[in-house]
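Taking it in order: structure first as structure tokens, then the write-up.
The values are calculated or read from the model by the stated rules, or taken from the named source; none is laboratory data. Because the structure is a prediction, the values reported are computed rather than measured. Virtual Cβ from ideal backbone geometry, glycine too; neighbours counted across all protein chains shown.
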Amino acid sequence: MDVKKISRNPLIYVAVIGLLLFGGFLLISNLTAPAQITTQQGLKLLAGDTVTEVVTTDGDQRVDMTLSKEFEGSKNVQFYYVEARADEVVAAIDEAAPKDGFNDAVPRATWFDGFISLLLPLVLLGLLFWWLLSSMQGGGSKVMQFGKSKAKLVSKETPTVTFADVAGADEAIEELHEIKEFLQDPAKFQAIGARIPKGVLLYGPPGTGKTLLARAVAGEAGAPFYSISGSDFVEMFVGVGASRVRDLFNQAKENAPAIIFIDEIDAVGRHRGAGLGGGNDEREQTLNQMLVEMDGFDPNANVIVIAATNRPDILDPALLRPGRFDRQIGVDAPDLKGRQRILEVHAKGKPLAQSVDLEVLARKTPGFTGADLANVLNEAALLTARSNAQLIDNRALDEAVDRVIAGPQRRTRVMKDKEKLITAYHEGGHALAAAAMNHTDPVTKITILPRGKALGYTMVMPLDDKYSVTRNELQDQLTYAMGGRVAEEIVFHDPTTGASNDIEKATGIARKMVTEYGMTTQVGPVKLGSEGGEMFVARDMNRGRDYSDKVAETVDAQVRELIEQAHNEAYQVISDNRDILDRLALALLEHETLDHNQIAEIFTDIRKLPQRPQWLSSDERPVSAQPPVDVPRRRTEEAIAAQTPAQAPSASASGTAPASPQTGHRPATA
């Protein structure tokens with residue numbers, strides 16, 4: 001049980017305060033309440049000389065008495081009597097009464113007592129509510145500061161980050177240099193009528209350094225820098241988000257020129273009308289206020305907004321238009337040179353062995369972001385310290401790369417010999433299919449050691465950075481993905497569940513080839529499905545599918561055909577190279593991990609799959625794909641004027657196109 005976590009729950013304190021109040025009320029009631037006595041004891045007291053005051057309540061048949069000395073620890077006693085003894089009680093009271101008689105008036109509460117009894121609970125509830133708000137706002141001094149901005153002002157005491165600490169994003173740094181120059185010398189731009197962008201949006205995959213770039217701007221600019229997260233604007237109270245936006249921009253205006261950095265702006269800048277609520281949605285009101293502050297009737301002067309997000313496709317169009325975010329800078333994963341410079345930055349202060357070559361490490365990490373590369377070097381340093389070594393060597397770096405890709409090695413998982421054999425043939429099938437295809441990257445590592453969720457994996461590494469993929473490369477990726485499943489079918493005739501992730505990836509690639517990349521003849525170059533694959537509730541929920549059921553059947557058939565062809569190609573490759581597969585599996589069982597030199601030695605006499613014909617080559621191009629040059633694109637005005645009414649197309653047929661006289665031959669879908 002986490003005592004600290006429970007102690008931070010405000011409900012615990014509410015319950016404790018409620019119990020204390022209830023206990024105090026009971027205690028006070030018990031101290032002030034008269035002692036209860038029997039009728040017989042009351043008559044004896046009346047017969048004595050200790051009773052100084054008697055108050056009777058006929059409706060309740062109750063007698064309250066005040067004594068001159070304590071009886072059973074109290075001077076106020078009370079007893080009830082039954083109807084049969086009413087005369088006896090009245091006679092006893094009359095006999096004990098002094099000459100002027102007892103006060104028999106029923107006591108009534110004064111207006112002050114009623115006011116206090118009503119006010120005290122309200123005061124207690126108000127104090128409790130104040131304490132709860134104080135807890136949620138982080139202290140008593142912030143109770144009434146709901147609408148105040150939570151932005152942090154970067155001060156001189158904050159560790160500064162400069163552009164020299166950022167690598168692999170040269171284009172973004174170049175664009176952001178203008179912000180620095182404008183803040184330092186605005187007259188240079190104003191002299192020629194140039195207007196600095198009011199907003200700069202940094203977008204890209206997670207871990208590419210968007211927030212680091214903003215911190216570098218703060219370190220370089222020498223101007224007030226306000227940093228806030230998009231989620232800090234909206235709270236549970238209505239109107240708080242818009243109030244915080246106003247307060248943030250007011251602070252920036254007072255200290256202009258200034259920079260406002262909003263991290264994860266998609267938390268508040270999501271497309272309006274994308275929720276089930278109406279126009280009074282608190283998040284949308286916050287966004288509206290932000291739009292007005294950035295470029296409204298009273299535009300800001302010398303206040304620059306920098307925002308970061310990894311989901312620019314869901315931002316509201318009004319936020320992205322010129323005048324608000326004039327400049328949108330993409331921060332992508334670094335290329336080879338960028339990765340090398342990032343590794344050099346993060347390698348500072350780390351003792352590297354002389355054999356370590358950061359360029360080689362950069363080649364081993366294609367697709368890694370800056371955060372991934374920093375994690376690689378940090379994991380290597382941790383592994384080195386764990387082994388009590390003094391220098392970070394290549395072995396630690398290789399293990400760190402494997403950890404980032406697939407997770408830590410699971411040394412406690414003991415596999416049976418049959419499962420190790422199946423895993424060896426499965427990974428060998430992947431490697432063999434990748435090596436035998438003509439458009440796959442070289443195989444650099446194979447292992448059957450369990451790591452993360454995988455029982456083993458095969459690593460292929462591109463020789464150069466790639467920014468586009470051809471159709472043949474995608475088909476070879478499908479064949480490579482099906483290689484493990486096919487190897488199990490050929491060797492054991494009983495496939496396992498180990499290929500589930502391979503099938504999932506292959507299906508995703510094949511479906512994108514059909515619906516997004518237009519790489520099949522049956523569907524053609526048509527984009528099917530919503531943009532980005534994300535549905536906005538209440539905007540896209542009622543929107544129908546943008547293609548018919550017949551097209552959906554064609555898509556499913558094409559996806560299945562692509563995967564079946566990849567399966568057949570993998571089957572042919574592995575069947576033709578069965579002896580190489582056996583040698584590869586035996587080597588894996590012996591060494592458990594094979595590097596690129598060992599793999600190349602086994603693959604010396606591999607028989608590759610024949611080269612596929614080029615897709616849509618000049619001799620296969622359909623005739624309909626070549627528009628005739630002698631057909632005019634538009635009719636002349638004379639031809640239109642000479643057209644008779646009978647020849648004019650009817651309104652009902654205006655949307656139909658004439659059938660093409662040349663259909664041509666379309667090549668079969670591969």
Quick check on region 385-403. Is at least one of its residues in the same structural domain as GLN477 (by TED's automatic domain parsing) and of a type in the set (Asp, Glu)?
no
- Item | Filter pass, GLY456 being within 21 Å of GLN598 (Cβ to Cβ), in contact with a helix residue (DSSP H, G or I) (Cβ under 9 Å, 6 or more places away or on another chain) and assigned by TED's automatic domain parsing to the domain that holds ILE574 | yes
| message | ALA587 - would you say it is part of a helix (DSSP H, G or I), within 30 Å of HIS271 (Cα to Cα), at pLDDT 85 or above and in the same structural domain as ILE509 (by TED's automatic domain parsing)? | response | no
Query raised in the report: Does at least one position in region 456-474 carry a residue that is over 24 Å from TYR517 (Cβ atoms), of a type in the set (Ser, Thr, Tyr) and in a helix (DSSP H, G or I)?
Result: no
The residue that is surrounded by the fewest Cβ atoms within 10 Å (Cβ to Cβ), considering only those in region 291-312 that are out of contact with any Lys or Arg (no Cβ under 9 Å at 6 or more places or on another chain) and modelled with pLDDT under 85, is PHE297
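Residue-by-condition table, conditions (1) in the same structural domain as MET437 (by TED's automatic domain parsing); (2) modelled with pLDDT under 85; (3) within 27 Å of THR520 (Cβ to Cβ):
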position	(1), (2), (3)
VAL573	yes, no, yes
ASP579	yes, no, no
GLN614	no, yes, yes
ASP619	no, yes, yes
VAL629	no, yes, no
ARG634	no, yes, no
Of the residues in region 438-448 that are of a type outside the set (Ser, Thr, Tyr) and buried (at least 20 other Cβ atoms within 10 Å of the Cβ), the one that is farthest from GLN598 (Cα to Cα) is ILE448
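Would a scan of region 494-511 turn up a residue that is within 22 Å of LEU594 (Cα to Cα) and of a type in the set (Val, Ile, Thr)?
Residues of region 494-511 within 22 Å of LEU594 (Cα to Cα): 498-499, 502.
Within this subset, residues satisfying the condition of being of a type in the set (Val, Ile, Thr) are none.
Taking every residue of region 494-511 in turn, none turns out to be within 22 Å of LEU594 (Cα to Cα) and of a type in the set (Val, Ile, Thr).
Just the residues that are surrounded by fewer than 21 Cβ atoms within 10 Å (Cβ to Cβ), touching a residue at least 60 places away in the same chain (Cβ under 8 Å) and part of a helix (DSSP H, G or I), please, taken from region 475-501. Outline the logic, then answer.
Quick first cut of region 475-501, residues surrounded by fewer than 21 Cβ atoms within 10 Å (Cβ to Cβ) only: 488-498, 500-501.
Going one step further and asking which of them are touching a residue at least 60 places away in the same chain (Cβ under 8 Å), we end up with 488-492, 496, 498.
If the condition is that a residue be surrounded by fewer than 21 Cβ atoms within 10 Å (Cβ to Cβ), touching a residue at least 60 places away in the same chain (Cβ under 8 Å) and part of a helix (DSSP H, G or I), then GLU488, GLU489, ILE490, VAL491, PHE492, GLY498 are the ones that fit.
Got at least one residue in region 232-251 being free of Cβ contacts under 8 Å to residues at least 24 places away in the same chain, more than 30 Å from THR369 (Cα to Cα), among the aliphatic types (A, V, I, L, M) and part of a helix (DSSP H, G or I)? Before you say what the answer is, go through the steps one by one.
Step one: filter region 232-251 for residues free of Cβ contacts under 8 Å to residues at least 24 places away in the same chain, giving 236, 250.
With more than 30 Å from THR369 (Cα to Cα) added as a condition, the list becomes 236, 250.
With the extra rule that they be among the aliphatic types (A, V, I, L, M), the set shrinks to 236.
Retained after the next criterion (residues that are part of a helix (DSSP H, G or I)): none.
Checking region 232-251: not a single residue is free of Cβ contacts under 8 Å to residues at least 24 places away in the same chain, more than 30 Å from THR369 (Cα to Cα), among the aliphatic types (A, V, I, L, M) and part of a helix (DSSP H, G or I).
Among the residues in region 350-357, are any closer than 18 Å to ASP464 by Cα and at pLDDT 90 or above? Outline the logic, then answer.
Going through region 350-357, the residues closer than 18 Å to ASP464 by Cα turn out to be 357.
Pick out the ones that are also at pLDDT 90 or above and you get 357.
Yes, there is a match, as at least one residue in region 350-357 is closer than 18 Å to ASP464 by Cα and at pLDDT 90 or above.
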The lone condition GLN558 fails out of (1) touching a Ser or Thr at 6+ places or on another chain (Cβ under 6 Å); (2) surrounded by fewer than 14 Cβ atoms within 10 Å (Cβ to Cβ); (3) of a type in the set (S, T, N, Q) is (2)
**Item:** Qualifying residue in region 212-231 (condition: farther than 21 Å from THR286 by Cα and without any contact (Cβ under 8 Å) to a residue 24 or more places away in the chain)
**Value:** no
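Scan region 448-475 for residues that are aromatic (Phe, Trp, Tyr) and either at pLDDT 85 or above or touching a Pro at 6+ places or on another chain (Cβ under 6 Å) (or both) and jot them down.
Taking region 448-475 first, the residues aromatic (Phe, Trp, Tyr) are 457, 467.
Result: TYR457, single match.
Got a sec? Which helices (runs of 4 or more DSSP H) wholly within region 309-403 have at least 3 residues that are without any contact (Cβ under 8 Å) to a residue 40 or more places away in the chain and not hydroxyl-bearing (Ser, Thr, Tyr)?
Numbers: elements: 317-320, 336-346, 358-363, 370-386.
The helices (runs of 4 or more DSSP H) meeting that bar are 336-346, 358-363, 370-386.
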